[in-house]
C-alpha cells in the first residue's frame with residue numbers, strides 16, 4: 001500500500017463527470033407516504049428473522065446470533081429492474097422491521113417504526129414492495145433496537161446486478177463486522193454509556209463473513225471484483241490493498257470513474273458503518289498473493305488473502321474495468337435550496353425541547369421503547385431524537401418539496417466521526433472542507449471532526465430519516481427527519 005498521494009486534478013475532473021453527461025435524470029419511483037402505488041412483483045421471497053448458532057473466532061462455544069432465513073449475512077441477488085416483494089416474518093422475541101438501506105423506494109416501505117410503518121411485533125409480519133432500479137451493492141437490516149439486533153448479526157446483503165457490467169474473472173462479497181462476545185461465546189452488553197457518548201462501544205472479535213480471515217483465489221493476471229460492506233455498529237475502517245493494482249469503482253453501490261487506490265489519501269478508502277465499496281483488483285501475473293486489510297487500528301486487520309492461481313494468459317491488460325455510470329436524479333445546482341445542519345453533542349444549552357405542532361397527523365404518535373436509547377448524548381441542529389421517557393416525534397428538521405433540488409451542508413462540531421445516512425435517496429457528494437473526497441453518489445457520507453461536507457439531491461416524497469449510522473449515536477439522539485410533500 002502506498003501512501004500520501006493526493007487525487008490528481010484529472011481524476012477529480014473525471015469523477016465530476018459522474019454528475020454531468022454520465023448522470024441523467026430518472027423518473028421518480030417513490031410515492032406519497034402510506035399511499036399504495038401500482039406494483040407488479042417479479043420476485044417474491046420471505047425474510048424470516050430468528051436465532052441461529054454460529055461459531056465465532058476465539059469463542060469456546062457457538063454464539064446465538066441473529067440472522068435472516070438461518071443464513072449469516074443472507075445474500076439476495078436479483079437483476080436490475082426487479083420488483084421485489086419481501087414478506088418479513090419476525091421470529092425474534094422483540095419488535096423489529098426491515099430497512100432496505102440505500103434503495104430508492106416508496107416511503108411506506110422504508111421500515112422506520114412509527115414514521116413509516118407499525119412496529120412488527122414477535123410472530124408478526126409485514127410485506128415490503130421494493131423497486132430495484134439502481135444496480136449495486138446494498139444491504140438490509142432492522143430499524144428498531146439496531147444496536148442489539150444488528151449487533152447480534154441481523155443484516156443481509158442485497159446485490160442488484162446490471163447486465164451492462166464488464167465481466168470480472170471472480171467476485172467476492174466481504175462483510176466486515178465486530179462482535180461483543182465473551183470467551184464462552186455469550187454476548188456482552190452491546191452499548192456502554194461511555195462508548196455511546198463518545199466514539200461508540202467496540203467489539204473485540206473482528207470478522208469477515210463471520211470468520212477471522214478468508215483465503216480466496218483468482219486466476220493469475222485476472223480481474224477480481226470485491227464487494228466490501230462495513231456492517232459493524234461502530235467501527236470506522238481504512239480499507240487498502242497490498243500486492244496488486246486496485247481501483248475504487250463504486251461507492252454505496254453507485255459507480256464512479258475508477259480511482260486507483262494508491263492515489264487516494266494514504267492509499268486507503270475510509271468507510272464508516274453502513275458504507276460499501278466495490279474494488280477491482282488485478283491479480284499479479286507472477287502468482288504473488290494479494291492482501292486486503294483495515295489499516296485504521298494499531299494492529300492491522302488483514303481480513304482476506306487472494307492467491308493467484310495458474311499462469312497468466314494473453315497480453316497484459318491495461319486500465320481498469322469501469323462500471324456503467326449511474327442513472328440517478330441529478331440535482332440542479334443552479335436552483336438548489338440550501339440548508340445547513342450541525343452535528344452536536346447534546347447539552348441542556350444546545351438542544352431545544354420541541355415537538356410536532358398539535359395539528360400534525362403524527363403529533364400524537366409514540367416511538368416504541370425498544371426503538372430508542374435510554375439517554376440523550378447527541379443532536380442534529382440543536383434537536384435530539386426522543387430517548388428515555390420522551391417518546392413523541394420531534395418536528396422535521398426541514399420541510400421540502402418533491403422534485404426540488406436541495407444542497408445540504410453537514411457540519412461536524414464534535415470530536416468524533418459520524419457516517420450520516422439519508423433514507424430513500426442517492427445523493428451527490430459535492431465537497432469536503434478537508435478536500436479528501438472525490439465527487440460521487442452515495443447514501444451515507446463520513447464526516448470527520450471539524451469537517452463540513454456538502455451533498456445534494458432531488459427530494460422524493462415522504463418522511464425520511466437522516467441520522468448517524470454509528471448505531472449508539474443514532475439511538476441516543478443523532479437522528480432527525482425531512483418531510484417532503
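The values are calculated or read from the model by the stated rules, or taken from the named source; none is laboratory data. Remember, it's a predicted structure, so these values are computed and weren't measured experimentally. Here Cβ is always computed from backbone atoms with ideal geometry, including for glycine, and neighbour counts include all displayed protein chains.
No other residue among 132, 72 is within 30 Å of residue 483 (Cβ to Cβ) and touching a residue at least 40 places away in the same chain (Cβ under 8 Å) apart from 132. The residue that is nearest to the chain's Cα centre (by Cα), counting only those in the range 383-397 that are under 17 Å from residue 359 (Cα atoms) and either free of Cβ contacts under 8 Å to residues at least 12 places away in the same chain or in a loop (DSSP other than H, G, I, E, B) (or both), is 396.
Going by the conditions given, is residue 342 in the same structural domain as residue 252 (by TED's automatic domain parsing) and either within 21 Å of the chain's Cα centre (by Cα) or within 30 Å of residue 219 (Cβ to Cβ) (or both)? Let's see the steps before the verdict.
On the way: in the same structural domain as residue 252 (by TED's automatic domain parsing): no; either within 21 Å of the chain's Cα centre (by Cα) or within 30 Å of residue 219 (Cβ to Cβ) (or both): yes.
The answer is no for residue 342.
Kindly establish whether residue 361 is out of contact with any strand residue (DSSP E or B) (no Cβ under 6 Å at 6 or more places or on another chain), at pLDDT below 95 and either farther than 28 Å from residue 104 by Cβ or not assigned by TED's automatic domain parsing to the domain that holds residue 249 (or both). It is true that residue 361 is out of contact with any strand residue (DSSP E or B) (no Cβ under 6 Å at 6 or more places or on another chain), at pLDDT below 95 and either farther than 28 Å from residue 104 by Cβ or not assigned by TED's automatic domain parsing to the domain that holds residue 249 (or both).
For (1) in contact with a helix residue (DSSP H, G or I) (Cβ under 8 Å, 6 or more places away or on another chain); (2) farther than 20 Å from residue 176 by Cβ; (3) outside the structural domain of residue 204 (by TED's automatic domain parsing), each residue gets a yes or a no:
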position	(1), (2), (3)
38	no, yes, yes
71	no, no, yes
84	no, yes, yes
99	no, no, yes
109	no, yes, yes
128	yes, yes, yes
135	no, yes, yes
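Here is a yes/no grid of residues against (1) touching a helix residue (DSSP H, G or I) at 6+ places or on another chain (Cβ under 7 Å); (2) closer than 23 Å to residue 135 by Cα; (3) at pLDDT 95 or above:
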{"residue": "409", "(1), (2), (3)": "no, no, yes"}
{"residue": "420", "(1), (2), (3)": "no, yes, yes"}
{"residue": "436", "(1), (2), (3)": "yes, no, no"}
{"residue": "442", "(1), (2), (3)": "no, yes, yes"}
{"residue": "451", "(1), (2), (3)": "no, no, yes"}
{"residue": "457", "(1), (2), (3)": "no, yes, yes"}
{"residue": "460", "(1), (2), (3)": "no, yes, yes"}
{"residue": "473", "(1), (2), (3)": "no, no, yes"}
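Going by what's in this entry, would residue 241 be described as in a strand (DSSP E or B), in contact with a helix residue (DSSP H, G or I) (Cβ under 7 Å, 6 or more places away or on another chain) and over 30 Å from residue 104 (Cα atoms)? Don't jump to the end; show me each part of the working.
Values: in a strand (DSSP E or B): yes; in contact with a helix residue (DSSP H, G or I) (Cβ under 7 Å, 6 or more places away or on another chain): yes; over 30 Å from residue 104 (Cα atoms): yes.
Answer is yes for this residue.
The strands (runs of 3 or more DSSP E) found wholly in the range 108-189 and carrying at least 2 residues that are over 20 Å from residue 229 (Cβ atoms) occupy 125-132. Whether a residue is within 25 Å of the chain's Cα centre (by Cα) and part of a loop (DSSP other than H, G, I, E, B) was assessed, and residue 356 does not pass this test.
Taking the condition of being assigned to a strand (DSSP E or B), touching a helix residue (DSSP H, G or I) at 6+ places or on another chain (Cβ under 8 Å) and in contact (Cβ under 8 Å) with a residue 40 or more places away in the chain, how many residues in the range 265-290 meet it? Lay out the reasoning, then the answer.
Going residue by residue through the range 265-290, those that are assigned to a strand (DSSP E or B) are 269-271, 276-282, 290.
Okay, now just the ones that are also touching a helix residue (DSSP H, G or I) at 6+ places or on another chain (Cβ under 8 Å), so 269, 279.
From the residues that got through so far, the ones that are in contact (Cβ under 8 Å) with a residue 40 or more places away in the chain too are 279.
Selection size over the range 265-290: 1.
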